[in-house]
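Q: Here you go, one structure.
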Amino acid sequence: MKLKDLPKKAIDKVKNFRLTRRVFSYPYILFLLLFVVTPLVIVLVNAFIYDGSLSFQNFVDLATDGSSLKVLGTSIVVGIVTTVICLLLGYPVAYILSKWKSGSVIVVLFILPMWVNFLIRTYALQTIFENMAVTLGMGTVIFGMVYNFIPFMIMPLHTTISNIDKSFKEAAQDLGASPVATFFKSTLPLSLPGIISGITMVFIPTISAFAISQLLSNNSIILFGDSINLKFENKLYGVGSVMSLIMLALVLVSNFFMNKINKGEAAKNLW
Amino acid sequence: MTNQTKDVIIELKNVHKDYDGKPAVKNVSFSVKRGEFVTFLGPSGCGKSTTLRMIAGFEKPTSGAVYFNGKNITEIPPHLRPVNTVFQKYALFPHLNVFNNIAFGLKIKKVPTGETFKDRKGNLYEKLRKLTKQEIKDKVNNALKLVDLEDYGHRNVNSLSGGQQQRVAIARALVNEPEVLLLDEPLGALDLKMRKDMQIELMNMHKKIGITFVYVTHDQEEALTMSDTIVVMRDGVIQQIANPQKIYDEPAHAFVADFIGESNIFSGIMRKDCVVEFFDREFECVDKGFKKNEPIDVIIRPEDIFVMPADNQAAMMTGKVDSCVFKGDHYQIVALIEGKEEVNELLIHDNTEVKVGDEIGIFIKPFDLHIMHKARIINEIETEMWDEGVVEICGGKFPCNSNLPSGTPVKVSIDFDDVIVHDDEEDGIIGGEVVSSIYKGSYYQCIIRADNYYNFFVDTDDDWLKGDRVGLSVAPDKIIIEQLERKDEE
């Protein structure tokens, strides 16, 4: 293509402009470019800039900084514990609600608190704990996490369990399975997509959550999300960017494994 | 307990099932013999599936009892019943492959080891063990062979065609060696050709294994092809239990005849033994024992009617051809037969083509005229007067020509012709649901169920859609009121 043809092409484009379906996606694509892709590129570039020149020094700094690695370890442990508690508490709730005709109304009651900003709820929780003279620490942090994220476990589970055709349960009973065996051999495996959705939607937000742990532990427990926040507040953009990349990698890896287990069915049953 | 316990494997006694107060199965009693192929046949919502589900144990009867080998199993949960079910939508577990779907029941099953042990109270128990991996493998492979899917064990169930899934469902049920196999419209989701093939396969399987099959379908042809015994149901009530030949040739009444195959159903009068009158003509028939001049239904199968030239000596009557359509292996002819007052339509299946508008002669053999008692000849309701000149019928206030005081117990009679059906429920005095509609040559006989479950028989010129809500009213002078003796309960 010759350079002098370009203006002509552009004019043609404008002249032949037609409102096709594709046009409606342009505003969102622009938004994505500005506020998702650009920041990611900035983070990526920042991670490799140290003292104004290109280097891997940020990675080395992080790898040799024991406290940062400890924060990462603690975050993952808190994430796993929160997810397990949410699953153990949420599954029975979702299961019982799916048996009730008015179950979906009650699920809304579980979701209702989510319409209040999580910071406000966490401040409230902090005040309640202080008034009850509960020592703030790991226990209260995990309580706060479970309290904040359990709706994300119940909702996908409730949707999946209530959509399981009741003929599967009958088929299991018909083939000789007792009520307990029916649950473990048919209902539980059939609700796997919901479990996977629930785990993904609790684990990842938990490890990246910030403020909750600080507020509910009097700043004694710092999680990965808080740590990134602190790094940026202290203008340590290089190390902060590296940590953000690690976070991103964690999200992608866990998503990949979840999809692997579930053969990609979780996404379909997310809500 | 029954006296023929040896032969009978399943018995239902006065089984009744209500859903939210609405009866789905009403007082059903019947028994299934060992090794029999029994089919429940009826339109949707007739209670056939509910009956099957009560045998399987998924539904508990509201009253009545289910017996298995003479033992009352009404309270036994489904997983302890020696029956297996093939579900309408197959219900194959999507998280298991074909092999594991079939092995599902075997992995749970426990078999006696032959040894026994005593508990502390001295009760003797048989020791049970689970099946070994090898035993399960052998059984599953045999089952796969039975349904012609030997190489499909490792396949994902969702990758199979409808027919193949169906076979896996059958194999999954049969591998447990149940004494009775329950099949709930198993071929409903298959296309016509596949359905025909599976019918043959199921029949062969039944012969080969020799266990009892209880089959549910709304497809009358399927029922006639496969069954040893057919149970025709409607509105939760058994209409007739007989073998396919008998159901077809001697339907118990107009509903069964209408549901099983095509048929002509006409209202007639039994003049005396072996003489029936319909179309304002008298015909010779072979039925006896009816009352003199009793109103009856005459049923004639379209293929039992012979068509001949109008001037043929043997012709019993003549008719004008209204339409003639080729149907692949026969011509479907509609002939109009003139009576004194009305013109009747007669449906004929014949091998020769006739011209529309031509006069044809018609002959029917006497024993092909099936005479049936009418279910009812007039609508009769026992009720009370609401007020002078107003009678209460099924919760509605009907104006009438009677001056009996309020509260008088009365018997109300209304002729089939005199019930007026309104398209809009609001236009009638009471509302009701159309339960059935049978064409009787020149009019439709509908059954309309009022909200208190009283069935009105109505003769109308229009074909009302089953399941529709309609309004009912009656002209005041058509309501015949008879005073009843007041029952003194004191």
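What follows draws every value from the coordinates through simple rules; no lab data is involved. This structure is a prediction, so every number in the text was calculated from the model and none was measured. Reconstructed Cβ throughout: ideal geometry from the backbone, glycine too, with neighbour counts over all protein chains shown.
Q: Ranked from highest to lowest mean number of other Cβ atoms within 10 Å per residue, what is the order of the peptides A:146-154, A:89-97?
A: The packing order, highest mean first, is A:146-154, A:89-97.
Q: In deg cm²/dmol and to the nearest 500, what is the mean residue ellipticity at 222 nm of chain B if only DSSP H runs of at least 4 residues count, each as -39500 (n - 2.57), divided by the residue total?
A: -5000 deg cm²/dmol, from helical runs alone.
Q: Same structure again: For A:Lys231, give me every one of the lysines with a C-alpha distance below 18 angstrom, ignoring sequence neighbours fewer than eight places off in its own chain.
A: Within reach: A:Lys70.
Q: Oh, and also: Show the residues, 5+ positions off or on another chain, whose built amide H is closer than 5 Å to the amide H of B:Ile480.
A: B:Ser413
Q: Shape of chain A from its Cα gyration tensor (a ≥ b ≥ c, root eigenvalues): rounded if a/c is under 1.5, otherwise prolate when a/b > b/c, or oblate?
A: oblate
Q: Moving on to the next point. Which translational diffusion coefficient, to the nearest whole µm²/s, is obtained for region B:379-483 from the Stokes-Einstein equation, given a Kirkwood hydrodynamic radius over C-alpha pairs, 20 °C and 1.002 mPa s?
A: Estimated via Stokes-Einstein, D reaches 156 µm²/s.
Q: Could you list, in their original order, any pairs among A:Lys169/B:Lys48; B:Lys71/B:Lys246; B:Lys193/B:Lys365; B:Lys374/B:Lys478 whose Cα atoms are separated by more than 24 Å?
A: B:Lys71/B:Lys246; B:Lys193/B:Lys365
Q: In square nanometres, what is one fourth of the surface area of the convex hull spanned by the alpha carbons of region B:1-80?
A: Mean orientational projected area (region B:1-80, Cα hull): 5.5 nm².
Q: Using only alpha carbons, build the gyration tensor for region B:267-373 and give me the equivalent ellipsoid semi-axes, biggest first, whole Å.
A: 26, 14, 12
Q: Check cross-link reach from B:Lys118 to the lysines: straight Cα distance under 17 Å, and skip same-chain residues fewer than eight apart.
A: Excluding near neighbours in sequence, the set is B:Lys127.
Q: What residues have an amide H closer than 5 Å to that of B:Glu294, excluding those fewer than 5 places away on the same chain, when H is modeled at 1.01 Å from N in the peptide plane?
A: It is B:Met270, by chain and number.
Q: Taking each pair of different alpha-carbon atoms in chain B once, compute 1/r for the pair, average those values, and report the inverse of that mean as the Kirkwood hydrodynamic radius in Å to one decimal.
A: 26.4 Å is the Kirkwood radius here.
Q: B:Met233's amide H: which non-local residues (gap 5+, or another chain) put their own amide H closer than 5 Å, with H modeled 1.01 Å from N in plane and none for Pro or chain starts?
A: B:Leu41, B:Gly42, B:Gln239
Q: Counting partner chain Cβ atoms within 10 Å of every residue's Cβ in B:447-455, what's the average?
A: Per-residue shielding by partner chains comes out at 0.
Q: Do the alpha carbons of any pairs in A:Lys101/B:Lys26; A:Lys166/B:Lys13; B:Lys26/B:Lys89; A:Lys99/B:Lys137; B:Lys33/B:Lys121 sit beyond 31 Å of each other, and which pairs?
A: Over 31 Å apart, Cα to Cα: A:Lys99/B:Lys137; B:Lys33/B:Lys121.
Q: One-quarter of the Cα convex hull surface for region A:93-209, in nm²?
A: 8.8 nm²
Q: Please tell me the relative contact order of chain A in percent, rounded to the nearest whole number, where contacts are Cα pairs under 8 Å and at least six residues apart.
A: Relative contact order comes out at 25 percent.
Q: What are the DSSP H helices in chain A that stretch 15 Å or more along their long axis, judged by alpha-carbon atoms, and whose average Kyte-Doolittle hydropathy comes to at least 1.0?
A: The answer, listed by residue number, is A:66-99, A:138-162, A:192-208, A:237-262.
Q: Residue by residue through region B:421-432, which ³J(HN,Hα) values in whole Hz follow from phi under the Karplus form 6.51 cos²θ - 1.76 cosθ + 1.60 (θ = phi - 60°), with glycine and proline marked x?
A: 9, 10, 4, 9, 4, 5, 6, x, 7, 10, x, x
Q: Here's something else I'd like to know. Which angle between 0 and 90 degrees, to the nearest 10, do you get for helix B:162-174 versus the longest principal axis of chain B when only C-alpha atoms count?
A: Taking Cα atoms only, the helix is inclined about 60 degrees.
Q: Over the Cα atoms, compute the radius of gyration (one decimal) and Dmax (the largest Cα-Cα distance, rounded to a whole number) for region B:33-88, in Å.
A: Reported Rg and Dmax, both Å: 11.7, 31.
Q: Right, something else. When DSSP assigns beta bridges and you keep just the ones with both residues in region B:164-313, what percent turn out antiparallel, to the nearest 5?
A: 80 percent
Q: Please figure out what share of the DSSP beta bridges in the protein assembly as shown is antiparallel and state it in percent, rounded to the nearest 5.
A: Looking only at bridges with both residues in the protein assembly as shown, the antiparallel portion is about 85 percent.
Q: Express the relative contact order of region B:267-373 as a whole percentage, based on alpha carbon pairs under 8 Å and six or more residues apart in sequence.
A: Relative CO of region B:267-373 lands at 32 percent.
Q: On to the next question. Which whole-number percent gives the relative contact order of region B:379-483, counting Cα pairs below 8 Å spaced six or more residues apart?
A: Over region B:379-483, the number comes to 31 percent.
Q: Can you list the HN-Hα couplings for region B:105-111, worked out from phi with the Karplus curve (6.51, -1.76, 1.60; θ = phi - 60°), rounded to whole Hz and with x for Gly and Pro?
A: Listing the rounded values in order: x, 5, 5, 8, 4, 10, 10 Hz.
Q: Between A:Lys15, A:Lys99, A:Lys185, which gets the highest mean-square fluctuation from a Gaussian network model of chain A, Cα cutoff 10 Å?
A: Of A:Lys15, A:Lys99, A:Lys185, the Gaussian network model singles out A:Lys15 as fluctuating most.
Q: Rg and Dmax of the protein assembly as shown, using alpha carbons, in Å: what are they?
A: My reading of the Cα-based Rg and Dmax gives 37.5, 119 Å.
Q: In terms of Cα to Cα distance under 16 Å, which lysines are near enough to A:Lys13, apart from those fewer than 8 places away along the same chain?
A: Within reach: A:Lys4.
Q: Starting at the first residue of region B:275-280, write each ³J(HN,Hα) from the Karplus equation 6.51 cos²θ - 1.76 cosθ + 1.60 with θ = phi - 60°, in whole Hz, x for Gly and Pro.
A: Result, ordered by residue: 10, 10, 10, 8, 6, 6 Hz.
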